[in-house]
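First comes the structure, then the notes that go with it.
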Amino acid sequence: MTGPLEGIRVLDASTILAGPLVAQILGDYGADVVKIEHPTRGDGMRGHGLDKDGEPLWWKMISRNKRTVGLYLGDPDGAQVFRTLARTADVVIENFRPGTLERWGLGYDVLSADNPGLILLRVTGFGQRGPYAKRAAFGTLVESMSGFAHLTGQPDGPPTLPAFGLADSIAGMAGAAAVSMALYRRQLDGQGQEIDLDLLSPIMTAVGPGVIYADQLGIDQERTGNRSTFNAPRNTYRTEDGQWVAISTSAGSIAHRVLELVGHPEVTQEAWFATGRGRAQHADLLDEYVGSWIAERTRDEVTAAFEEAGAAVAPIYRPSELLTDPQVQALDMITTVDDPELGPVRMQNVVWRMGRTPGSIRSTGRALGADTDEVLTGAGLSESEVAALRERGVVR
């Protein structure tokens with residue numbers, strides 16, 4: 001069985017982090033992804049995160065299923081090589097500041113004149129136009145602007161940023177969906193298109209209804225820590241053995257089961273208990289009932305009791321605990337891949353399971369320029385032309 005994107009060719013000229021994640025997802029589902037990197041510096045993702053024996057571990061994951069070409073687009077000859085590659089590509093992904101591709105003679109007007117079916121995904125912090133368009137932007141900035149940081153943290157504490165690339169990751173998944181839509185549309189009319197993907201829009205959507213609340217009610221949501229303004233009990237609770245669990249009771253039936261389990265069925269008869277908002281207004285009381293019960297039991301005892309009662313609970317895991325979780329193992333959410341430098345490595349598997357055209361991990365992230373000759377000669381350049389470009393430092 002092959003992935004649904006078999007036969008689709010992608011040029012990934014982007015870096016840190018949303019664009020490369022789009023390309024990773026497309027590659028996971030069968031696309032032939034060619035990673036374009038600066039011939040001496042490489043992609044900045046190579047220097048992000050931890051390494052083992054000099055091998056960048058995050059790179060092994062984010063650049064899986066990609067061939068890599070070292071190519072300097074700022075050189076006219078390098079730009080011409082890129083233009084040649086784009087003629088037979090289905091998708092180009094870039095995240096340069098607006099106007100950069102145009103300055104190199106690689107704007108969509110040029111690329112689409114060569115290849116009318118080309119889809120160009122342009123990833124930036126704030127979009128291709130507007131007063132912020134040319135600002136330098138990273139996920140941290142849009143996590144701050146989106147309302148996420150404002151809503152995250154304890155009520156009496158500072159706004160809190162995530163410890164990982166949240167905005168970029170959400171945008172990466174959104175970008176993969178956008179490209180898939182554009183590919184579908186191209187099947188109908190044969191035409192490609194530009195896609196303007198900023199980092200701010202996807203995380204603003206993920207943050208929820210804050211904007212419509214501000215517009216219609218004139219209020220801003222505030223930080224509530226691990227509690228929710230929509231339902232209770234909803235919090236994190238410490239167990240007798242020093243571990244933590246999380247509980248959510250978005251459904252009223254689950255809230256009933258939780259309070260019956262912890263020995264307080266009488267509170268379920270209160271009028272306010274009938275709605276999530278009413279329960280949230282009595283969160284102190286409900287947290288006391290639930291928290292004191294959990295504090296007298298180990299994490300395993302708590303999760304077993306909740307499961308038997310049909311209530312919703314989950315352990316708060318460290319990453320290492322995901323490796324041994326039975327549900328994660330049952331669905332192969334973390335899978336083992338052979339890496340030429342490190343041997344067997346475990347990483348997150350493809351993000352959804354398709355019955356007829358499943359995705360797969362065929363290779364981990366490769367060495368800089370490992371596939372330059374193969375890709376460029378496959379695009380029609382002669383060995384002598386590639387050698388001349390290499391001599392000038394345009395390719396690696």
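Values as computed for the structure displayed
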read-out	value
Residues satisfying the stated conditions in the stretch 76-95, i.e. touching a residue at least 60 places away in the same chain (Cβ under 8 Å) and buried (at least 17 other Cβ atoms within 10 Å of the Cβ)	GLY78, VAL81, PHE82, LEU85, ALA86, ALA89, ASP90, VAL91, VAL92, ILE93, GLU94, ASN95
Those residues of the stretch 367-395 which are within 21 Å of ALA89 (Cα to Cα), in a loop (DSSP other than H, G, I, E, B) and either among the small types (Gly, Ala, Ser) or open to solvent by 50 Å² or more (accessible area, probe 1.4 Å) (or both), in sequence order	GLY369, ALA370, ALA379, GLY380, SER382
Cβ pairs under 9 Å, 6+ apart, first in the stretch 221-250 and aromatic (Phe, Trp, Tyr), second in a loop (DSSP other than H, G, I, E, B)	PHE230/SER250; TRP244/ILE316
Answer from GLY54, GLY107 - the residue that is more than 15 Å from LEU121 (Cα to Cα) and small (Gly, Ala, Ser)	GLY54
Residues (part of a helix (DSSP H, G or I) and not hydrophobic (A, V, I, L, M, F, W, C)) located in the stretch 1-35	GLY19, PRO20, GLN24, GLY27, ASP28
Residues (open to solvent by less than 20 Å² (accessible area, probe 1.4 Å), closer than 19 Å to ARG186 by Cα and not in a loop (DSSP other than H, G, I, E, B)) located in the stretch 104-128	LEU111, ILE119, LEU120, LEU121, ARG122
Helices (runs of 4 or more DSSP H) contained entirely in the stretch 132-202, each with at least 1 residues that are within 30 Å of PRO116 (Cα to Cα)	166-189
Residue satisfying condition, being of a type in the set (A, V, I, L, M), over 30 Å from GLN243 (Cα atoms) and in contact with a strand residue (DSSP E or B) (Cβ under 6 Å, 6 or more places away or on another chain), within set ALA370, ALA379	ALA370
THR303 vs. criteria touching a helix residue (DSSP H, G or I) at 6+ places or on another chain (Cβ under 9 Å), open to solvent by 30 Å² or more (accessible area, probe 1.4 Å) and part of a helix (DSSP H, G or I)	no
Residue that is farthest from ASP168 (Cα to Cα), among those in the stretch 16-56 that are of a type in the set (A, V, I, L, M) and out of contact with any strand residue (DSSP E or B) (no Cβ under 6 Å at 6 or more places or on another chain)	LEU50
Every residue from the stretch 200-223 that is within 13 Å of LEU151 (Cβ to Cβ) and either among the charged types (D, E, K, R) or touching a Leu at 6+ places or on another chain (Cβ under 8 Å) (or both)	ILE203, VAL207, GLY210, ASP220, GLN221, GLU222, ARG223
Tally, over the stretch 256-300, of residues that are in contact with a helix residue (DSSP H, G or I) (Cβ under 8 Å, 6 or more places away or on another chain), farther than 16 Å from THR229 by Cβ and among the polar types (S, T, N, Q)	1
Filter result for LEU101 (free of Cβ contacts under 8 Å to residues at least 60 places away in the same chain and open to solvent by less than 20 Å² (accessible area, probe 1.4 Å))	yes
The lone exception for SER228 - which of (1) modelled with pLDDT of 95 or more; (2) open to solvent by less than 40 Å² (accessible area, probe 1.4 Å); (3) within 29 Å of the chain's Cα centre (by Cα); (4) not hydrophobic (A, V, I, L, M, F, W, C) it fails	(1)
Residue among LEU259, LEU217 that alone is modelled with pLDDT of 95 or more and exposed (fewer than 15 other Cβ atoms within 10 Å of the Cβ)	LEU217
Condition met for GLY74 (touching a Gly at 6+ places or on another chain (Cβ under 9 Å) and either hydroxyl-bearing (Ser, Thr, Tyr) or under 18 Å from ILE93 (Cα atoms) (or both))	no
Flag for THR275 being in contact (Cβ under 8 Å) with a residue 12 or more places away in the chain, among the hydroxyl-bearing types (Ser, Thr, Tyr) and open to solvent by less than 50 Å² (accessible area, probe 1.4 Å)	no
Yes/no for GLU240 being open to solvent by 70 Å² or more (accessible area, probe 1.4 Å), in a loop (DSSP other than H, G, I, E, B), closer than 29 Å to PHE126 by Cβ and not aliphatic (A, V, I, L, M)	no
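Residue by residue, here is whether (1) at pLDDT below 95; (2) hydrophobic (A, V, I, L, M, F, W, C); (3) in contact with a strand residue (DSSP E or B) (Cβ under 7 Å, 6 or more places away or on another chain) holds:
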| position | (1), (2), (3) |
| --- | --- |
| THR100 | no, no, no |
| LEU106 | no, yes, no |
| VAL110 | no, yes, no |
| GLY117 | no, no, no |
| LEU121 | no, yes, yes |
| ALA136 | yes, yes, no |
| GLY172 | no, no, no |
| VAL179 | no, yes, yes |
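The values are calculated or read from the model by the stated rules, or taken from the named source; none is laboratory data. Every value quoted in this text rests on a predicted model; they were computed, and no experiment measured them. Note that we place each Cβ from the backbone using ideal geometry, even for glycine, and neighbour counts take in every protein chain shown. Side chains are part of the model used for accessible areas, which takes the heavy atoms of the whole protein and leaves out ligands, DNA and RNA. Shrake-Rupley method; radii C 1.70, N 1.55, O 1.52, S 1.80 Å.
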